[in-house]
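These notes are about the structure you will find just below.
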Amino acid sequence: MGKWTRRGFISAGVIAGGGLIVGVAIRPGNRAGELSSYVKADNEKLLHTWVKLDSNNVVTAIVPHSEMGQGAGTALAQMLADELDADWNLVQFEEAPATSTFANYPMGKALLMGGVDMPDFVVPTVDGVMIRTAQALDLQITGGSLSVRSTGVYGMRVAGAAVKDMLRTAASHRWKVPVDQVVAQNSYLLHEASGRAEPYSAFAGDAAEMVPPASPPLKTPDQFTIMGRDVQRHDLPSKVDGRAIFALDIRLPNMLYATVKRAPSFGGGIGSLDDSLTRQISGVVDVVRLPAAEFSAIVGGFSSAESVAVVAEGYWQAKKGLDALSIEWAATENDAVSSETIFAQFDKDISANTNWQSDEAQGDLSGAMERAAQVIDVDYRVPFLAHTCMEPLNATAVVSEGACEIWIGCQSPLSFRKAVADALGFEVENVTLNNCFMGGGFGRKSRPDFAIQAALLSAELGRPVQLIWSREEDVQQDFYRPAVQSRFRGALDNAGHLIAWQNTYTGKMEPIEAPLIPYAVDAKDIGYVASPTHIPLGAWRSVDHSQHGFFTESFIDEVAAAANQDAYEYRAARLKHLPRQLAVLKKAADEAQWHTPLAPGRGRGIALQECFGSIIAEVVEVTVSEGAVSVDRVVAVIDAGYAVSPDGTKAQVESGIIYGLSAALYGEITIQSGAVIQSNFHDYPSVRMSNAPVIETHIINSGEAIGGAGELGTPPIAPALANAIFNATGTRIRQLPIKNSEFSV
């Protein structure tokens with residue numbers, strides 16, 4: 001959304017589909033009474049939805065995001081603490097409870113109204129609308145690199161500044177001095193003229209009675225003291241010494257363990273089931289069939305399959321029992337589907353170009369193609385991919401007397417809570433969800449199927465049940481990154497200038513801008529055709545940017561090669577209208593010493609991507625020896641506007657690079673007889689420490705709006721790698737993974 005003027009915003013008046021609402025009733029006011037019981041201990045005062053302060057002067061940031069290893073809790077606490085002028089040693093964070101009162105309205109505000117310049121008197125009303133909207137949408141999700149750039153900017157910074165304003169006001173009243181003479185510094189309030197100095201906690205009671213200002217003044221970057229610094233992450237010590245609680249750590253009295261197997265062909269069911277051998281295994285308590293109808297309407301996005309679970313006194317007995325089941329799976333209409341038939345369908349649908357939908361069109365494409373000196377016509381494709389979080393899917397549930405309590409690690413606590421309630425036929429208020437640390441998420445843990453299974457099993461058995469998926473179930477029953485085919489035509493004139501860019505691909509997902517390119521070209525035509533399959537699809541790290549980043553950045557490399565021009569220089573010449581993107585690309589080339597010659601058999605490749613409010617470029621160096629590819633070095637440059645936590649930003653970029661490199665080298669979910677054939681890390685491998693490249697990450701603080709970091713490292717790595725292989729060998733990689741090419745990895 002573009003930045004509106006105040007006058008334009010007031011004139012348009014289109015909030016929440018019903019005209020501009022300006023009134024006291026919808027304004028949030030002081031929410032402490034509504035929220036305190038969920039988060040406040042005896043020695044604490046809730047001063048704001050996202051801030052509490054205890055009698056020892058410790059500030060706690062209440063973070064409406066899941067912690068799955070990305071460090072969001074610490075970064076958001078930094079943003080709050082800096083605006084609050086708190087002593088970082090007296091700051092901690094905790095996850096917001098999974099109740100609608102803590103729905104993430106700052107995220108909604110960022111998504112729906114980011115960039116809107118509003119007069120101060122309107123802001124409280126807008127916040128009221130956003131609170132109700134977030135509650136209605138169960139908005140408490142973690143993903144899309146939104147934590148810092150939405151909740152941090154529109155929530156934590158505002159909350160920190162608001163609480164500082166309240167504390168200063170409280171001190172000015174008690175000391176009977178002008179508020180502009182009260183200074184906040186390192187969790188103390190100071191009055192220089194009188195020499196008074198008291199901790200924030202001394203004024204917590206008075207501040208708790210105030211209405212937080214909705215639009216307090218915020219610092220400029222030159223005033224930051226905690227943002228932009230490397231600080232110790234708050235979640236790491238407990239993970240190192242074992243105090244951290246993951247859902248697998250939960251132990252309840254009289255608890256049973258379960259594991260599950262779903263019909264291998266998506267949408268399938270059980271033809272016959274013989275559980276006699278399973279029931280003879282010591283420790284096995286029950287065998288439970290979970291019908292598809294319990295899931296399809298709730299989980300969404302695919303036609304669910306029937307499952308069978310074995311419940312036992314321990315996980316090993318449950319796993320042995322599951323393996324001992326004799327199951328004959330019912331035939332389905334999808335049993336003849338394979339990866340080959342899916343890609344044949346994609347090719348047919350692209351060629352037919354039926355029901356083509358446009359993403360972007362400009363200029364005279366047909367005219368440019370007709371007068372072109374050279375036309376490049378190529379196809380690219382990528383396979384389905386699984387998530388393979390290190391922590392397997394698991395949940396612990398206890399259902400008793402019309403209520404359910406569940407312990408889980410998930411990316412969307414409020415929507416999980418509702419899905420469990422719907423599956424059980426309960427009112428949502430009768431479900432309590434306790435969200436734990438996660439060992440990775442990457443989008444998979446935004447789907448509640450495993451939570452529903454745990455709750456249904458506990459309801460069936462009448463005892464607490466801890467459900468643990470096997471790695472095989474995790475790989476074969478995922479919500480996969482979509483397989484995509486993408487067809488390109490590029491036109492060059494006699495001087496090698498790119499005069500036309502045409503791209504048609506299969507299946508529109510999100511974000512909508514993923515297939516678009518930053519490069520200047522007079523004629524463009526980018527669009528897609530629908531080509532649905534029965535494979536369940538879901539968000540995967542960086543969503544569609546991971547596929548389209550490979551496609552577009554590989555093809556621009558092909559165009560540069562066809563023009564007989566340097567891959568970096570060719571890109572740079574077409575980015576002069578985008579100085580920020582050009583600066584990122586140039587720094588990546590400079591840091592990688594792009595123009596320094598490499599030995600024979602070695603090559604460099606470069607790729608650029610703009611996504612999630614940030615810009616990143618990566619350069620990959622490879623060695624190809626006797627057909628074997630070694631990834632030696634990756635240089636990454638990121639401009640996320642301002643790196644709130646520089647070390648965390650680098651860690652996220654490096655994580656994204658390893659995740660994307662694993663996919664580019666090895667990642668492939670193969671469909672055979674309607675089902676996935678991969679099952680574990682032996683046939684769905686990841687990059688290990690022994691073959692991980694050296695990664696150098698550089699940060700540009702451009703001062704533009706703060707963007708994301710968690711997704712950024714993944715999209716450029718595959719094209720930069722493929723382009724490096726071309727640079728070393730002259731062979732172009734157009735299909736992933738590289739293990740299926742003529743090169744070994």
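The values are calculated or read from the model by the stated rules, or taken from the named source; none is laboratory data. Given the structure is predicted, the values throughout are model-derived calculations rather than measurements. Backbone-built Cβ (ideal geometry, glycine too); neighbour counts: all protein chains shown. Surface areas here come from the heavy atoms of the whole protein model, side chains and all, with no ligands, DNA or RNA. Shrake-Rupley method; radii C 1.70, N 1.55, O 1.52, S 1.80 Å.
For the subset of the stretch 191-214 comprising residues that are small (Gly, Ala, Ser) and more than 17 Å from Leu35 (Cα to Cα), which member is surrounded by the most Cβ atoms within 10 Å (Cβ to Cβ)?
Residues of the stretch 191-214 that are small (Gly, Ala, Ser), as a first pass: 193-195, 197, 201-202, 204-205, 207-208, 214.
Retained after the next criterion (residues that are more than 17 Å from Leu35 (Cα to Cα)): 193-195, 197, 201-202, 214.
On the way: Ala193: 7, Ser194: 10, Gly195: 7, Ala197: 13, Ser201: 21, Ala202: 17, Ala214: 19.
For the stretch 191-214, the residue satisfying everything is Ser201.
For the stretch 309-418, which strands (runs of 3 or more DSSP E) that fit wholly inside it have 2 or more residues that are modelled with pLDDT of 95 or more and among the charged types (D, E, K, R)?
On the way: elements: 326-329, 357-362, 374-382, 394-400, 403-408.
It comes to 357-362, 374-382.
So is Ser272 loosely packed, with under 15 Cβ neighbours inside 10 Å, among the hydroxyl-bearing types (Ser, Thr, Tyr) and assigned to a strand (DSSP E or B) or not? Don't jump to the end; show me each part of the working.
Working: loosely packed, with under 15 Cβ neighbours inside 10 Å: yes; among the hydroxyl-bearing types (Ser, Thr, Tyr): yes; assigned to a strand (DSSP E or B): yes.
Against the criterion (loosely packed, with under 15 Cβ neighbours inside 10 Å, among the hydroxyl-bearing types (Ser, Thr, Tyr) and assigned to a strand (DSSP E or B)), Ser272 qualifies.
Would you pick out the residues in the stretch 434-470 that are open to solvent by less than 10 Å² (accessible area, probe 1.4 Å) and of a type in the set (A, V, I, L, M, F, W, C)?
Selection gives Met438, Phe450, Ala451, Ile452, Ala454, Ala455, Leu457, Val465, Leu467, Trp469.
Results for (1) surrounded by fewer than 24 Cβ atoms within 10 Å (Cβ to Cβ); (2) touching a Leu at 6+ places or on another chain (Cβ under 6 Å), shown as yes or no for each residue.
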| residue | (1), (2) |
| --- | --- |
| Val63 | no, yes |
| Ser66 | no, no |
| Ala72 | no, no |
| Ala75 | no, no |
| Gln78 | no, no |
| Leu84 | no, no |
| Asn89 | yes, no |
| Gln92 | yes, no |
| Tyr105 | no, no |
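Suppose the filter is over 20 Å from Ala208 (Cβ atoms), crowded, with 24+ Cβ neighbours inside 10 Å and either hydroxyl-bearing (Ser, Thr, Tyr) or touching a residue at least 60 places away in the same chain (Cβ under 8 Å) (or both); does Ser145 pass it? It would help to see each step written out before you state the result.
Numbers: over 20 Å from Ala208 (Cβ atoms): yes; crowded, with 24+ Cβ neighbours inside 10 Å: yes; either hydroxyl-bearing (Ser, Thr, Tyr) or touching a residue at least 60 places away in the same chain (Cβ under 8 Å) (or both): yes.
So Ser145 passes the test.
With the requirement that a residue be out of contact with any Phe, Trp or Tyr (no Cβ under 7 Å at 6 or more places or on another chain) and either more than 22 Å from Gly660 (Cβ to Cβ) or open to solvent by less than 10 Å² (accessible area, probe 1.4 Å) (or both), what does the stretch 534-543 give you?
Of all residues in the stretch 534-543, those out of contact with any Phe, Trp or Tyr (no Cβ under 7 Å at 6 or more places or on another chain) come to 539, 542-543.
Answer for the stretch 534-543, where residues must be out of contact with any Phe, Trp or Tyr (no Cβ under 7 Å at 6 or more places or on another chain) and either more than 22 Å from Gly660 (Cβ to Cβ) or open to solvent by less than 10 Å² (accessible area, probe 1.4 Å) (or both): just Ser542.
Run down Val123, Val116, Val153 and say which single residue is under 26 Å from Glu209 (Cα atoms) and within 25 Å of the chain's Cα centre (by Cα). Give the steps one after another, and end with the answer.
Numbers: Val123 fails: within 25 Å of the chain's Cα centre (by Cα); Val116 fails: under 26 Å from Glu209 (Cα atoms).
Checking each option against the conditions leaves just Val153.
Which of the following residues is at pLDDT 95 or above, in contact with an Asp or Glu (Cβ under 8 Å, 6 or more places away or on another chain) and of a type outside the set (Asp, Glu): Tyr200, Tyr188? Give the derivation first.
Numbers: Tyr200 fails: in contact with an Asp or Glu (Cβ under 8 Å, 6 or more places away or on another chain).
Selected residue: Tyr188, the only one of Tyr200, Tyr188 that is at pLDDT 95 or above, in contact with an Asp or Glu (Cβ under 8 Å, 6 or more places away or on another chain) and of a type outside the set (Asp, Glu).
Is the stretch 534-556 home to any residue that is farther than 30 Å from Val676 by Cα and either out of contact with any strand residue (DSSP E or B) (no Cβ under 9 Å at 6 or more places or on another chain) or without any contact (Cβ under 8 Å) to a residue 12 or more places away in the chain (or both)?
No: zero hits.
Restricted to the stretch 35-61, and to residues that are buried (at least 24 other Cβ atoms within 10 Å of the Cβ) and in contact with a Phe, Trp or Tyr (Cβ under 8 Å, 6 or more places away or on another chain), which residue is nearest to Asp235 (Cα to Cα)?
Selected residue: Ala61.
Residues being within 30 Å of Gly656 (Cβ to Cβ) and in a strand (DSSP E or B): count how many of those fall in the stretch 36-75. Give the steps one after another, and end with the answer.
First, the residues of the stretch 36-75 that are within 30 Å of Gly656 (Cβ to Cβ): 50, 60-75.
The next check asks that each one be in a strand (DSSP E or B); those that pass are 60-63.
Of the residues in the stretch 36-75, 4 are within 30 Å of Gly656 (Cβ to Cβ) and in a strand (DSSP E or B).
Pick from Arg489, Arg541: which is part of a strand (DSSP E or B) and among the basic types (Lys, Arg)?
Arg489
Listed here are the residues, each with its yes/no results for (1) farther than 16 Å from Gln547 by Cα; (2) of a type outside the set (Phe, Trp, Tyr); (3) surrounded by 15 or more Cβ atoms within 10 Å (Cβ to Cβ).
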site: Trp356; (1), (2), (3): yes, no, no
site: Ala361; (1), (2), (3): yes, yes, no
site: Ser366; (1), (2), (3): yes, yes, no
site: Met369; (1), (2), (3): yes, yes, yes
site: Val375; (1), (2), (3): yes, yes, yes
site: Arg381; (1), (2), (3): no, yes, yes
site: Leu385; (1), (2), (3): no, yes, yes
site: Cys389; (1), (2), (3): yes, yes, yes
site: Leu393; (1), (2), (3): yes, yes, yes
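Could we say that Ala664 is touching a His at 6+ places or on another chain (Cβ under 9 Å) and small (Gly, Ala, Ser) here? Give the derivation first.
Working: touching a His at 6+ places or on another chain (Cβ under 9 Å): no; small (Gly, Ala, Ser): yes.
No: the conditions fail for Ala664.
Take the stretch 349-364 and flag every residue that is within 16 Å of Arg487 (Cα to Cα) and either more than 36 Å from the chain's Cα centre (by Cα) or without any contact (Cβ under 8 Å) to a residue 12 or more places away in the chain (or both).
Residue satisfying the conditions is Ser351 alone.
From the list Asn494, Asn564, which one is under 23 Å from Ile733 (Cβ atoms) and not aliphatic (A, V, I, L, M)?
On the way: Asn494 fails: under 23 Å from Ile733 (Cβ atoms).
The conditions single out Asn564.
Could you figure out which of (1) touching a residue at least 60 places away in the same chain (Cβ under 8 Å); (2) touching a strand residue (DSSP E or B) at 6+ places or on another chain (Cβ under 6 Å); (3) of a type outside the set (Phe, Trp, Tyr) isn't true of Ala561?
(2)
May I ask you to verify whether Glu742 is touching a residue at least 40 places away in the same chain (Cβ under 8 Å) and open to solvent by 40 Å² or more (accessible area, probe 1.4 Å)? Can you show your working first?
Numbers: touching a residue at least 40 places away in the same chain (Cβ under 8 Å): yes; open to solvent by 40 Å² or more (accessible area, probe 1.4 Å): yes.
Yes.
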